[in-house]
Structure formats: C-alpha cells, structure tokens
Amino acid sequence: MDTYPTLDELTTMISGQNLDKIRKLKSKITRLTARVQKVREEIEHLMDDDEDMADLYLSRKLVSALSPISDSGASSPTTKSKSVATYLRDENDVDEIEMLLEAYYMQIDGTLDRLYTLRGYIDDTEDYMNIQIDNHRNQLIQLELFLNSGELSLAFYSLVTGVLGMNIQYSWQKKHDYMFKWVCIFTAIASISMFLVIVAHARKKGLV
C-alpha cells in the first residue's frame with residue numbers, strides 16, 4: 001500500500017503542514033472504515049435470513065415469473081413433485097447465495113482489518129511526530145536558557161567594568177594601576193562561574 005511510504009516520508013520532515021496532511025488522511029480512513037463496516041453488517045444481516053438470500057437470486061425469480069401458471073386449482077402428484085423440486089431448488093439457490101456472500105464477507109472483513117491496521121499506523125505516526133515536535137520545543141527552551149544565562153553573566157561583567165571605567169577619581173588609581181586589569185580578570189571568572197552554576201543547577205533539576 002502506497003500510504004505507508006507516504007507516512008514514512010512525512011516523518012522525515014516534521015512540520016505543522018505534514019501534521020495537517022496526516023489528520024486529513026486519518027479523516028478519510030475513518031470515513032472509509034465506517035462505510036466498509038456498514039457493508040459488512042449488511043452482508044451479515046443477509047446471511048442470517050434465508051428469505052432475504054433467496055430474494056437475491058434474481059434469475060430464478062425471472063424464470064418463475066415467465067413460467068406458465070396452471071389453471072387447475074386441484075392438487076395432483078405432478079404438482080406435489082414440482083413443489084418438492086421447487087423447494088429443493090430454492091434450498092440450493094440459498095446455499096449458492098450464502099457461499100457467495102461468505103466470500104464477499106471474507107473480503108470485506110480482510111479490507112476492514114487492513115483499514116484498522118492502517119489507522120493504527122497513522123496514529124503511531126502522528127504520535128511520533130508530536131513527540132519529535134515536543135523534543136524540538138524542549139531543545140529551543142534549553143537554547144533559550146543557555147542564552148539567558150550567558151546574557152546574565154555578560155550583564156554582570158559589563159556592570160563591574162562599566163562602574164570601574166567611569167571617569168571617577170580613585171585613591172588607588174595612580175599607585176595601583178594594575179588593579180583594573182585584575183578586577184576585570186576576576187570579574188570575567190565570576191561571570192563564567194555564574195554561568196556554569198546556572199547550567200549545573202538546570203541540569204540538576206532536569207531542565208537541560
């Protein structure tokens with residue numbers, strides 16, 4: 001069935017459009033399954049009633065309609081033998097119709113089983129695509145967490161260097177010029193440590 005390769009192809013590129021295609025396909029399969037199930041129920045109903053099956057033998061009904069009708073109302077051995085023959089013939093007709101309906105019933109039942117299997121495969125494919133979409137969403141959340149953590153660390157570093165870079169006279173500026181360099185280094189280390197602590201806490205909580 002060409003539907004299975006199509007579903008597998010849809011899973012290679014997961015998107016909202018492909019999910020919409022799967023939902024439309026599921027709707028078609030659902031409608032088709034309902035129709036096939038209705039046909040199977042009708043065939044099963046016919047097989048339970050011999051009179052209904054006898055009515056399906058249209059060629060026999062046509063022959064009976066064209067056969068001459070006896071004008072005599074009296075019963076005779078010939079008439080009785082004809083009645084017995086007609087009864088046996090009707091029984092054979094019902095058996096033939098029943099065999100034919102059983103063959104159709106088996107075909108319809110097999111088709112219905114394949115539709116159920118296909119419906120289950122579509123459900124599994126849709127679930128797989130939803131899981132993949134959730135996974136991508138989680139990856140985006142993790143990326144956003146990393147970016148926000150890095151932004152916070154850079155903001156802390158910029159705050160310290162910005163304060164020390166102001167045009168303000170400090171008593172240690174002339175004698176300890178090297179202090180600015182070490183303050184920047186320690187601030188960078190503190191910012192990186194802050195970032196690592198946030199990431200470690202997120203991993204501990206299972207967020208990453």
Query raised in the report: Of all residues in the range 11-21, which are without any contact (Cβ under 8 Å) to a residue 12 or more places away in the chain and assigned to a helix (DSSP H, G or I)?
Result: Thr12, Gly16, Gln17, Asp20, Lys21
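Within the bounds of the range 80-88, is there any residue that is surrounded by 12 or more Cβ atoms within 10 Å (Cβ to Cβ) and either at pLDDT below 75 or part of a helix (DSSP H, G or I) (or both)?
yes
Mind checking which residues of the range 22-43 are more than 11 Å from Ile108 (Cβ to Cβ) and either surrounded by 14 or more Cβ atoms within 10 Å (Cβ to Cβ) or in contact (Cβ under 8 Å) with a residue 24 or more places away in the chain (or both)?
Correct list: Ile22, Arg23, Leu25, Lys26, Ile29, Thr30, Leu32, Thr33.
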**Report entry** Those residues of the range 99-121 which are at pLDDT below 85 and crowded, with 16+ Cβ neighbours inside 10 Å, in sequence order
**Finding:** Leu101
Query raised in the report: Restricting attention to the range 131-151, which residues are in contact (Cβ under 8 Å) with a residue 40 or more places away in the chain and either acidic (Asp, Glu) or farther than 18 Å from Val199 by Cα (or both)?
Result: Gln132, Ile133, His136
Report task. Provide a single number: the residues in the range 102-158 that are aromatic (Phe, Trp, Tyr) and touching a Phe, Trp or Tyr at 6+ places or on another chain (Cβ under 8 Å). Result -> 1
Query - From the options Ser158, Ser149, residue that is exposed (fewer than 14 other Cβ atoms within 10 Å of the Cβ), over 36 Å from the mean Cα position of the chain (by Cα), under 30 Å from Ala188 (Cα atoms) and polar (S, T, N, Q) - result: Ser158
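The values are calculated or read from the model by the stated rules, or taken from the named source; none is laboratory data. What you see is a predicted model; the values in this text were computed from it and never measured. With ideal geometry, Cβ positions are generated from the backbone for all residues, glycine too; neighbour counts draw on all protein chains shown.
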